[in-house]
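Below are the structure tokens for one structure; questions will follow.
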């Protein structure tokens, strides 16, 4: 699934729910987009979608930043963003999650159906599909980068934070405009009430 808005929104909302700083959350959410940059090399859902390959990047970065708390937290946040991307793809289509250890791509398909008739019936289940991993160059890429479902879900997920940011900006602007007026009124009042 090359759906950048959704790949951005899910880690963004997950980390904001824990009260993390907006800048750190933005960083993790932007890092979550990087596995799909493999399309620039004319492949998709390739090595950049493997936990093993990503661990080979994240673990040395953790070792190098272990004594620097600020940098270490950024590495961990980036790792969370990458992991969130892989989980989303795992439920969407075949993903080479354990490549090169396992040369199989995994897809978890979940379906839940509700039938309303003479008697309500809920059916469904989950299946794990496994198929050989094929990483090959493409000559053309024909996959939607935005879908109606992805846009809708992303907007619903991002709306509370975007609304909060907008309200805080509006409040800040109101305060900036009102503050000089209030100060001027108090100074004027103080001058008028001084004993002569």
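Output the 0 to 90 degree angle, nearest 10, between the alpha-carbon long axis of helix 4-17 and the longest principal axis computed from the alpha carbons of the chain.
Between helix and principal axis, roughly 60 degrees.
Say we join alpha carbon atoms closer than 10 Å with springs in a Gaussian network model of the chain; which of 92, 164, 104 then has the biggest fluctuation?
164
Mind giving me the FRET efficiency for residue 128 and residue 22? R0 is 41 Å, r the Cβ-Cβ distance, nearest 0.05 is fine.
On the way: r = 37 Å, r/R0 = 0.89.
With a Förster radius of 41 Å, E is 0.65.
I want to verify a result. In a Gaussian network model of the chain, Cα cutoff 10 Å, which of these has the top mean-square fluctuation: 149, 185, 131?
185
Per DSSP helix of 4 or more residues, -39500 (n - 2.57); summed, then divided by the residues of the chain. What does that give at 222 nm, rounded to the nearest 500?
-19000 deg cm²/dmol
With a 10 Å Cβ neighbour count serving as the proxy for reagent exposure, in which order, fewest first, do 69, 24 appear?
Working: 69 9, 24 17.
Sorted ascending by nearby Cβ count, the order is 69, 24.
Sort 82, 76 so that the residue with the fewest other Cβ atoms within 10 Å of its own Cβ comes first and the one with the most comes last.
Values: 82 24, 76 16.
Sorted ascending by nearby Cβ count, the order is 76, 82.
Indicate the gyration tensor shape class of the stretch 26-95 (rounded, prolate or oblate), computed on the Cα atoms with a ≥ b ≥ c the square roots of the eigenvalues: a/c under 1.5 is rounded; otherwise a/b larger than b/c is prolate and the rest oblate.
Details: a/c = 2.16, a/b = 1.91, b/c = 1.13.
Prolate.
Quick one: compute the contact order of the stretch 78-149, relative version, from alpha carbon pairs under 8 angstrom and 6+ residues apart, as a percent.
On the way: 82 pairs, mean separation 16.7, N = 72.
Across the stretch 78-149, relative contact order equals 23 percent.
Further question on the same structure: Consider all pairwise Cα distances in the chain and report the whole-number % of them above 26 Å. Before the final figure, lay out the partial values.
Numbers: 9960 of 19110 pairs.
Beyond 26 Å sits 52 percent of the P(r) for the chain.
While we're here: Restricting to Cα pairs below 8 Å that are 6+ residues apart, what does the relative contact order work out to for the chain? Please round to a whole percent. Don't skip to the end; give the middle numbers.
Details: 234 pairs, mean separation 46.0, N = 196.
With pairs under 8 Å counted, the relative contact order is 23 percent.
How far is helix 69-90 tilted, in degrees, relative to the longest principal axis of the Cα atoms in the chain, given as a value from 0 to 90 rounded to the nearest 10?
50 degrees
Relative to the longest principal axis of the chain, what angle (0 to 90°, nearest 10) does the C-alpha long axis of helix 148-192 take?
10 degrees
Report the residue, chosen from 19, 124, 81, that carries the largest GNM mean-square fluctuation when the chain is represented by alpha-carbon nodes joined by springs under 10 Å.
Among 19, 124, 81, the largest mean-square fluctuation in the Gaussian network model of the chain belongs to 124.
The numbers here are math on the coordinates, done by the rules we state, and not lab data. What you see is a predicted model; the values in this text were computed from it and never measured. No Cβ is skipped: glycine too gets one built from the backbone with ideal geometry, and neighbour counts run over all protein chains shown.
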